[in-house]
1. Take Val69 and tell me if it is open to solvent by 10 Å² or more (accessible area, probe 1.4 Å), in contact (Cβ under 8 Å) with a residue 12 or more places away in the chain and hydrophobic (A, V, I, L, M, F, W, C).
2. Would you please name the residue that is farthest from Leu536 (Cα to Cα), looking only at residues in region 431-466 that are open to solvent by 30 Å² or more (accessible area, probe 1.4 Å) and in a helix (DSSP H, G or I)?
3. Does Ala501 fit the bill of being closer than 18 Å to Gly566 by Cβ, aliphatic (A, V, I, L, M), open to solvent by 10 Å² or more (accessible area, probe 1.4 Å) and part of a helix (DSSP H, G or I)?
4. Which numbered condition trips up Phe355, out of (1) more than 16 Å from Val405 (Cβ to Cβ); (2) of a type outside the set (Val, Ile, Thr); (3) over 19 Å from the mean Cα position of the chain (by Cα); (4) not in a helix (DSSP H, G or I)?
5. Give just the number: which of (1) surrounded by fewer than 22 Cβ atoms within 10 Å (Cβ to Cβ); (2) touching a His at 6+ places or on another chain (Cβ under 6 Å) does Glu43 not satisfy?
6. When you scan region 313-334, how many residues do you find that are aliphatic (A, V, I, L, M), open to solvent by less than 10 Å² (accessible area, probe 1.4 Å) and farther than 11 Å from Ala408 by Cβ?
7. Limited to region 564-575, what total is found for residues that are surrounded by fewer than 24 Cβ atoms within 10 Å (Cβ to Cβ) and of a type in the set (A, V, I, L, M)?
8. Within region 386-443, how many residues are among the β-branched types (Val, Ile, Thr), touching a residue at least 60 places away in the same chain (Cβ under 8 Å) and farther than 21 Å from Asn617 by Cβ?
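The values are calculated or read from the model by the stated rules, or taken from the named source; none is laboratory data. Note that the structure is predicted; figures quoted are calculated from it, not measured. Neighbour counts run over all protein chains shown; Cβ positions are idealised from the backbone, glycine included. These area figures cover heavy atoms from the full protein model, side chains too; ligands, DNA and RNA do not enter into them. Shrake-Rupley method; radii C 1.70, N 1.55, O 1.52, S 1.80 Å.
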Amino acid sequence: MNKALRRLGVNGLEQLAGEIREFLIKSISDTGGHLASNLGVVELTLALHAVFTTPEDKIVWDVGHQAYVHKILTGRRARFSTLRKMDGLSGFPKPCESEHDAFGTGHSSTAISAALGLALARDFNEEKGKVIAVVGDGSITGGLAYEGLNNAGRANTDLLVVLNDNGMSISKNVGAVARHLNHLRTAPGYLGAKKDVRSTLDKLPVWGERITRGIEATKGLIKYAVLPGVIFEEMGFKYVGPIDGHDIPELILALRRVRRIKGPVLLHVLTTKGKGYNIAEKAPWGYHGVGKFDVETGEPAKSSQAPQGLSYTEIFSKHLCRLAVRDERIVAITAAMPDGTGLYPFKERFPSRFFDVGIAEGHAVTFAAGLAKGGMRPVFAVYSSFLQRAYDQIIHDVAIQGLPVVFAIDHGGAVGGDGETHQGIYDMAFLAHIPGMIILAPSSGAELKKMLEFALSHNGPVAIRYPKDFAPEGDPEEISDILSAQTLQNGKKIAIVSVGAMLPIAREVARLLVEVESSRRVSLADSIFSPALFNLRCAKPLDEKLISELAKYEFVFTIEDGVKIGGVGEQICLRLRDEWAAHGNGNRKKAAVPFAFPDAFPETGTRTELFARYNLNAEKIFKKIIEVAGNGQKSGQKTRQKSAKS
């Protein structure tokens, strides 16, 4: 592809850029995906692939949602109809998908650190090839990006960081001066002359070193006066730019020049998010991640399904605003996601009590801890997969001090579209062993409201996790104690415990079991398949009364959309086994089985598809319960028969 792009020439590349934009708009309108960010990097990606040769040269895309053009140029155009679908093309770089994807990315601010590791490994193995990290201006706000810059600046290895800046405004005068200095400073003649002048001056007796220092000091003053990249220069990078990220000749010229520079280089590129699609250019954040849409109007495609009410996110958003009217101590925090987490209405109504800290989840948690220590009631609304990035801060800065921080964990459980890096299935497991942490999981909008009220009145950390899904309305009159499990129906030998939003599936399983019982499809002991059903709203601390109640049953099954290892179900099953062992099972064979995600990374797919693949839909759970309880019942009958004969 590299040679083919070179043969096209500037006119051919510009024509190709237009064709790629048309393809992206049409394709993403059918599949959904990240639109505006990819439209903004078309020329930049073409220039990178025209100058560098992958996979020998390695490009690491920060976050990775802007790598669609890279995928098109590396042989995956034909698969774009499968984008973000189960067993289809990933929406992020994925090394197992293509050798041209140098590193798997999906979360922000990681590319510089990963690229530095690749560069030093190249040096160690005495290999050739360049390493390029493409980082957005949003990603550069993350602390990990600066840790990578700091280390790379003193590593003295060849590394190119391309700063894709689609948010910073630079005046024409400063931009023109910077562009002129950029061409001058990157010209081979200038670099060689600079080295020769310094060498000559250093040889002069007495005055040479002083003159050199004077020149360096003067250069520094000029640099601070006219260049926007001083911070990068001070960190050890050669700063180049800013340049127009949609000017292919300028991009290619700059990339060819920086390719020859030894050591770490930062190329500052200015782009327009949503470039080439007027609707997206006017509202780039509205077209960052989109579902299917009408190309002519930009409006979301009409769904064939009937409306299902409000989502958990919408209910959280509305109720938080209501509570904030009553309590001025309530403040809201987001890490660059006011829309996705439902905090935008809060921002509009309470601007002085809203804080967007940028892509900096660790800072957000410790910032919230400081607010809580100062008497405020902070709510940090965050996607489950992004809260992982602040694990140490949750323990060290919030939990150890027992501070009243509310973690509103959106996108909990299986998340469709974005694949392994965005599945929110780990939160309950990694929060459960933190002392003092309360973990709540609503199964309805009514429960979510009650949980938010409780969390904001509790003098300690509380996590409320809920899925990216519509919320059943629920009945607030049925919620007396949010920390206690709710008994929905009684049973004789089988008990089903549903955790949070899995309740609709658990209800369907219970219905299927009752149907088996009523139709007598299986010739076993009376009432074995009429289950008790419990709604577990509090994942931690576990309801001790529920454990005692469950111990009376022969077969207990838990259902959750988290991981099995360390999950709520595993904890319940371990407690039950201890209870049964302590009190003796008699002649009855008992079993406790957790239904949850296995020890694997769930791939891209809708919640429905992922539940089916990982045996978490109603039909597969039902069949497993029939198998376990049926075999257990037969085993118990044989044991009792042997006992009677003896």
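1. Judged against the criteria, Val69 is not a match.
2. That would be Ser457.
3. no
4. (1)
5. The failed condition is (1).
6. 3
7. Total meeting the criteria: 2.
8. 5
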